[in-house]
Each structure stands twice: as structure tokens, then as C-alpha cells.
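Participant: My structure is below; once you've seen it, I'll send some questions.
Where a number appears in this text, it was derived from the coordinates with a stated rule and is not lab data. Everything numeric in this text was worked out from a predicted model, so none of it was measured. When we count neighbours, we look across all protein chains shown, and the Cβ atoms used for this are built from the backbone with ideal geometry, even at glycine.
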Amino acid sequence: MAKILMKGNEAVAEAAIRSGCRLYFAYPITPQSELIEYMARMMPKVNGTFLQAESEVSAINMVYGAAGCGKRVMTSSSSPGISLKMEGISYIAGAQLPAVIVNVQRGGPGLGDIQPAQGDYYQATKGGGHGDYRLIVMAPASVQEFADMASDAFDLADKYRNPVMILADGMLGQMMEPVEFKEALTDAEIEEMPKQHDSWCIRPNEDGDKKHHHEINSLEIDPVVLEQHVNNLYKKYAEIEKNEISYESYDVSDDNEVLCVAWGTASRIVKSAINELKKDGKSVGMIRPINVWPYPYEAIAEAIGPNVKKVYVFELNTGQMLDDVKIAVAGKVPVEFWGKVGGVVFTPAEIKEKLEACF
Amino acid sequence: MTTELICAGFGGQGVLTIGKFIAKAGMSEGKNVSWLPSYGPEMRGGTANVSTVVSEEPIASPIVSFPDVLVALNQPSIDKFAPSIRPGGILIYNTNMCPHGCKRDDIIKIASPMSDIALEIGNTMVLNMLAIGIIIGKTDLIRYETMEEDLTSFMKAKNPELLELNLKAIKRGIEIGKG
Amino acid sequence: MEKIAYRPESLTQIPFTYCPGCLHGVAHRLIAEAVDEQGLINKMTGVAPVGCSVFAYKFFNFDMAQAAHGRAPAVATGMKRARPDMHVFTYQGDGDLAAIGTAEIVHAANRGEQMSVFFVNNAIYGMTGGQMAPTTLPDMKTTTSPYGRDTADIGHPIRVCELLDTLISPYYIERVSLLTPADIMKAKKAVSKAIQYNKEGRGFTFVEFISTCPTNWGLDPLKSRDWAKEHMLPFFKTGCFRDKGAE
């Protein structure tokens, strides 16, 4: 397929449709409006459901209902809206339902602003909603990756019966880059897909079917039973941690004097700085977690080469992923952090200056 | 080879479109491109700008801090972005809307009454095509043929008159760009 | 021998866990009977709320979902859109539907979602121990209105049928009572109609049951019915507010 110049918000929507998503429930919010608008235009053309919900809370609960029926379903929002969805996300995780949630992050806290930020890292990777649960969290750094993650997210959601969040930001949502889409699933393939969930999902009792009674539920009133349920969830999460680590190594070598760790939009800017430093003969490598949960702790530890004097974390927040990097580095070398907040995005020149000071 | 471009002006002047056409043409010519707009509540009449990068290499940061080319359709855009143009870079600006111009002498300045020329061609809407023409005339960022092909493919059936005006504006821009 | 009393197929064998004298069991049974009668057991699904009827998902003998507090109409919307070949209902109490879930019920009704909503109104929060509900009557004492509901401070009870009746989309809205055997027979007719309209895909159907809470009202079951007749029915008048099928 030829490349198309597209905004991230639209590319992820198109990719979701191609991946068999025929149900989308959401509420408008900047800077993800192009996503909901794209779905409004395109869903009717594929006989899919587009529904603009009365609230973020309702949208995520519609997702809960549709996911309970074993169908591929998605919602999207931006930071303040994702906060509102957290109740439903906890229920979806508790009831072990497959669903995809896109967060096009903006500046916070509160209403914040509408510019790109990465302030929802804790919320996405450490909980956000109540109770013991985990989301699989994927963090794209380009429009192409944003689109590719849609189909991966649905596959992972189905595989683990777990909600998956794509944690993008206003820059990735608003930016246009060339994107190449995978072949769309056929109607027959999409029809077949929910059958993998026949053993638990809400569905009619077909003729000849043994009568079933499936419950979509996160309530276990007996503490002993709930304990077992949560322990089972954590067995599943351990499996995910084993299988789904994903990261990019950029210019990582034994020559590195500094190792950077950055994710999403921030990593793009760090890359530019690394390229500039390379011209000056200064060797800097970077680990970019592609999935931010599960987290590539070992990859970071292994990337600390013999000449690395410092691990430098750059984020568009006050140092949220920093905690995970410190766990990974485990005191081997000093870990430094620099970030910008409030929707202010650092420039390659600023990062270069910070890194130069390490030499 | 990487070229970083900022287009800036009032919302509604079509600055975002300039960047979009450049990015699309660059993509058609097999280059890596990115297009990153400013966004916000100023849908009309506020200031708008877009960073466009066209490169032979994969694009790291889509954020342009030091543009090789700045297209400024109004004075606030010059005031804001011209100081960061790379030395030897290009400033294309609209003298109708930029009464104070730019005082830098280490850059190439292409000043023309773009609003007047657009009106003369027949429609103020072609102002952005004029800018694209100037870019084509002055740099080898993209080719005229790519633009013609792209515009023709989506405008010929819908609005052939406007297509003609657009192509005319690009050609006129090329002349200005070549000086 | 003719069998005149039996457990509806649409109820599981799990015994109800409601308090003695509670009318949830009656409401459950009416719904289950109607589902049986319409032959919908293999295509029916429902959503349980948060409140005393939180375990309704165990009691109905088909696939069920349990929703967060007040969100049942949104969950049911997602279910119906995902499985248009199924029929869906929600079962909600007054705290769930008329307080925390006000947005969800109003907008599901306004979209004319293809669902039936069964709303049990006993003027109190039961499960959490008798707190004030949006339907608590003026001057009525509850654990969070220990001096009686002060309408100057907290407003008047919400009449949900009347509220929904201001919307254009709903297909059927009726308030019934579960306070006497005769009322229960009438309630059965309303439930059957809602389920039938649901089966026929007519649109949004809503049945409110005036019920009791002997435990939290501190009255025995019979006295609580008398209390409801005396205090609730004058404020929450039974009757059909909307029946587009009868027009």
C-alpha cells in the first residue's frame, strides 16, 4: 500500500478499523478530536457503531458492555477525560475484558492545557483506577507506530483478556507523517474473531448449544475468593511481563559515555540531540521503552556500557518514568533527570546542551 | 540532507496548508516528512504556525527550533521566528502584512507583496500557493511537477477554475523565488 | 395435574439473598416470567446494578453483566450495540439510577436505546444501610437525613418517570406498585409489555416499581406496604406516562 500523509489521531483510528474494531464510544476532547471525528465519518461506512457518549464515564462503560460481548471495542480521550474513565478501566481490568483505550495526553493537572505532555505515565502504568490491576501500556513515538500499535493493542487485549492503553500525546495526535497501513481484516475474519471468547462472553444460546450462564463481573464478595481472583490476575500479569517487553535501542554501544532513557515524543527529540552530538564525536545511546508496561528494566541495565558515566532520563513531566529507570539502574551509575512540563516541549538544542554538560 | 521549514501567519491564511502540501510533495518524492501544527483555541484570526521537515534521513524531532526556511505571512510571525532562522537560511515574507520586515542581514530575504499578487491572480486564497511557488523557485525542496500532479488529482474534477488559479500562483511564485 | 406455581426458567436455582419481606424477589420473578413467556431466554441478557440487587447477575438464568454504580444503561448500550441480536435490560435501584446514574439513564432514554429499564424505587439506599436517596420523601428520616429530609436544603424527591416523560424518544414509560397482589398483577402486565416491545425492537422501555424496604424503614413487611401506600403513592402516582404502542 502507498504511504498516506495523516495525523496520528486519524491514523490510529483507521488502523483500529482495519484491525476489526467495529465499536467505538467516546466523548470529544482536545487534542484527540480528529480521532472521534474520523470514527464518526468512517464507522458508518463499515457498518460499525460510532456513538458519542454523554460523558467519558458513560463511554468507558459502553466499552465495558461491548467488550463483555467479546467484540473489538475502543475508546479514546485525552488526560482529563482518561481520569474520568478510570472507574470503568478498573472494572474492565477486574472483569478481564479485552478493550483498547487511547490517551492523547495533554498538560495537567486539572484542566491543564491542550499541549503535548507525558504527565499520565504514573496513571497509566501504576494504576490510575482503584485496586490491584495492570494495563498493558504502549507508547508510540511516530504516526506510523501509533497506527501499528492499534492492531497490536487489539491482539494483546484479546490474548490476555486485558485492557490495553496506547499512551500517545498531543504532538503525535496532531502531527502528520507518512503512514502505511496493514491490509484490513475481511468481514468474515472480523465475524470469526469474537468466537475466541465464546467460553466467557455474553452471547445468545444458539440452537444445540449447551445452556450457558456467563457473568461479566468484577465483584467477589468473599475475601478469600477475591484474593484468589487478584492472585490469578497477577499470574497473568507475570506472563505479560515475560512476553511483552518492547523497546528500541538507539546507538547503544560500548563507546557510550551517556545512556539516555526517553519514551514517546520525548524520545524523538532526544534522538535529534544524539545525532548532533555524534557529529561532534560524542557517543550517547538511548533506550526507548516502546511498551511502558511491562517495562524493560533488564534492557536498560544491560545497555549501561563500560564507559557510561551517567544515565539521563528526559520526559515531558517531572520525572515519572524516572522511578522505573532508577529501579533498572539499581545504583550502578548516577541517574539524572531533566524534563519540561505544562505542555512545553523541549527542543533538540536544549537536550544537546544538557548532554554536552556530561562530557 | 534535511530541510526544516516553519510557516506562520494569521489563522485562516492557509499557513498549515503550505506545510501540508510541502510535506505531501516530499513524501511523493520518496523523502521522509513530518508536519506538526500549532494547535489551540484560535481557529480563525489567531496566530498559526506549522513545522515541516523534509529529509533524506529518518526524522528524529519534528519540532523545528532553527528553521532553514521561514514563510511569514504577517509581522508577528517575523518577530517570533525570524531570529531563529539558521544563518544563511531563507525568509520569505509578505510585505503587505509585514510593514517592519526583518533586520537580519545574515539570511536570504525574499520580500514581495504577496496579498496584492494573490488578488491580482484572482483570489486571495491562492496566497499559500504563491508561497509554495517561492519555495520551489528558491530551493530544491520539492518539484513543481509533484505539486501540479497532486493538486490536479484532487481539484480537477471538483473545481477546475481554482486549480488553474493555484497553478498560476505557484508559477508566479517560482518566478519570484528565482528572482 | 395443572401446574400453577413453578420457578420461571429464566431464574437460576440460586436462592435469593434478599431480606424477609423485600420485594426485589417479586420484581425479579415478574421479569423472569415475562422473558419466559416471550420465549426470549436464549437471547436475553441483563445488567445488574450496585445496590441490594447487585447479585441479580446470579439470579437470572442467562448471560448477565454487573455494572458500576449508576452505569448500567451505558453498559447495556455497549452490549446492545455489540450484540444487536440480543435483548437487554437493566435492573436498577433509586440510588443507582436517580442519583449517581442520572446522566446515564437520561441519555440512554434520550437516544431511544433498545433496552428495558426496570427501576425499583423504595425511597432509600438499602444495601449501604438506609441512607437518603434522591427519591426519599420530604421529612422522611434516614441515616443521612436523621432529622428528616429538609427540602429547603436538599431539594425534593425526583420523579423519574415524569422526568423521562419530557423526552421525545422513549417508547414506553409506566410506574407500577408492588404493594398489593392486585398491584403485582398490574405490574406484571407492564413488565410483559416492556419485554414485548423490547423483543419487537420498538425502543426504550421503562418500568418503575414502587417498593419497600422493611429493614431500613424499621417496619414489618405488611406495615411497610401500608406506609408506602400512604406516603409514597400520593407522591409517586402510578400509571402509564407513555405508550407509543397504544397510540
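Participant: Examine the range A:178-186 for a residue that is more than 28 Å from residue A:236 (Cα to Cα) and touching a Leu at 6+ places or on another chain (Cβ under 7 Å), and state whether such a residue exists.
Facilitator: Yes; the residues of the range A:178-186 include at least one that is more than 28 Å from residue A:236 (Cα to Cα) and touching a Leu at 6+ places or on another chain (Cβ under 7 Å).
Participant: Follow-up question, since we're still on this one. Scanning the range C:31-48 for residues that are within 8 Å of chain A (Cβ to nearest Cβ) and surrounded by fewer than 24 Cβ atoms within 10 Å (Cβ to Cβ), which turns out farthest from residue C:10 (Cα to Cα)?
Facilitator: C:43
Participant: Do any helices (runs of 4 or more DSSP H) lying entirely in the range B:107-179 carry at least 1 residues that are surrounded by fewer than 17 Cβ atoms within 10 Å (Cβ to Cβ), and which ones are they?
Facilitator: B:114-121, B:144-155, B:160-178
Participant: Of all residues in the range A:63-90, which are part of a helix (DSSP H, G or I) and more than 10 Å from chain C (Cβ to nearest Cβ)?
Facilitator: Residues satisfying the conditions are A:79, A:80, A:81, A:82, A:83, A:84, A:85, A:86, A:89.
Participant: Only one of these conditions is not met by residue A:60: (1) within 9 Å of chain C (Cβ to nearest Cβ); (2) part of a strand (DSSP E or B). Which number is it?
Facilitator: If we test residue A:60 against (1) within 9 Å of chain C (Cβ to nearest Cβ); (2) part of a strand (DSSP E or B), just (2) comes out false.
Participant: Residues in the range B:46-55: is at least one surrounded by fewer than 20 Cβ atoms within 10 Å (Cβ to Cβ), of a type in the set (A, V, I, L, M, F, W, C), closer than 26 Å to residue A:6 by Cα and within 14 Å of chain A (Cβ to nearest Cβ)?
Facilitator: No - not one qualifying residue is present in the range B:46-55.
Participant: Given the range A:175-282, what helices (runs of 4 or more DSSP H) lie entirely inside it while holding 3 or more residues that are within 14 Å of chain B (Cβ to nearest Cβ)?
Facilitator: Because the criterion is at least 3 residues that are within 14 Å of chain B (Cβ to nearest Cβ), the helices (runs of 4 or more DSSP H) in the range A:175-282 that meet it are A:264-279.
Participant: Taking the residues in the range C:54-108 that are part of a strand (DSSP E or B), touching a residue at least 24 places away in the same chain (Cβ under 8 Å) and not hydrophobic (A, V, I, L, M, F, W, C) as candidates, determine which candidate is farthest from residue A:49 (Cα to Cα).
Facilitator: It comes out as C:93.
Participant: Also, I was wondering about something else. For the structure I just gave you, tell me whether residue B:34 is buried (at least 22 other Cβ atoms within 10 Å of the Cβ), free of Cβ contacts under 8 Å to residues at least 12 places away in the same chain, within 14 Å of another protein chain (Cβ to nearest Cβ) and touching a strand residue (DSSP E or B) at 6+ places or on another chain (Cβ under 9 Å).
Facilitator: Answer is no for this residue.
Participant: Further, regarding this structure: Kindly check whether there is at least one residue in the range A:139-157 that is over 26 Å from residue A:223 (Cα atoms), out of contact with any Gly (no Cβ under 9 Å at 6 or more places or on another chain) and part of a strand (DSSP E or B).
Facilitator: no
Participant: Condition (residue is touching a Phe, Trp or Tyr at 6+ places or on another chain (Cβ under 6 Å) and surrounded by fewer than 22 Cβ atoms within 10 Å (Cβ to Cβ)) applied to the range A:69-82: is it met by at least one residue?
Facilitator: Within the range A:69-82 (the criterion being touching a Phe, Trp or Tyr at 6+ places or on another chain (Cβ under 6 Å) and surrounded by fewer than 22 Cβ atoms within 10 Å (Cβ to Cβ)), the answer is no, since none of the residues qualifies.
Participant: OK, next. Do you know which of the residues in the range A:48-57 that are of a type in the set (A, V, I, L, M, F, W, C) and assigned to a strand (DSSP E or B) is nearest to the other protein chains (Cβ to nearest Cβ)?
Facilitator: The qualifying residue nearest to the other protein chains (Cβ to nearest Cβ) is A:51.
Each row is one residue, and each column tells you yes or no for (1) without any contact (Cβ under 8 Å) to a residue 40 or more places away in the chain; (2) among the hydroxyl-bearing types (Ser, Thr, Tyr).
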site: A:40; (1), (2): yes, no
site: A:47; (1), (2): yes, no
site: A:51; (1), (2): yes, no
site: A:62; (1), (2): yes, no
site: A:83; (1), (2): no, yes
site: A:109; (1), (2): yes, no
site: A:114; (1), (2): no, no
site: A:131; (1), (2): no, no
site: A:152; (1), (2): yes, no
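Participant: Among (1) crowded, with 18+ Cβ neighbours inside 10 Å; (2) within 14 Å of chain B (Cβ to nearest Cβ), there is one condition residue A:320 misses while meeting the rest; what is its number?
Facilitator: (2)
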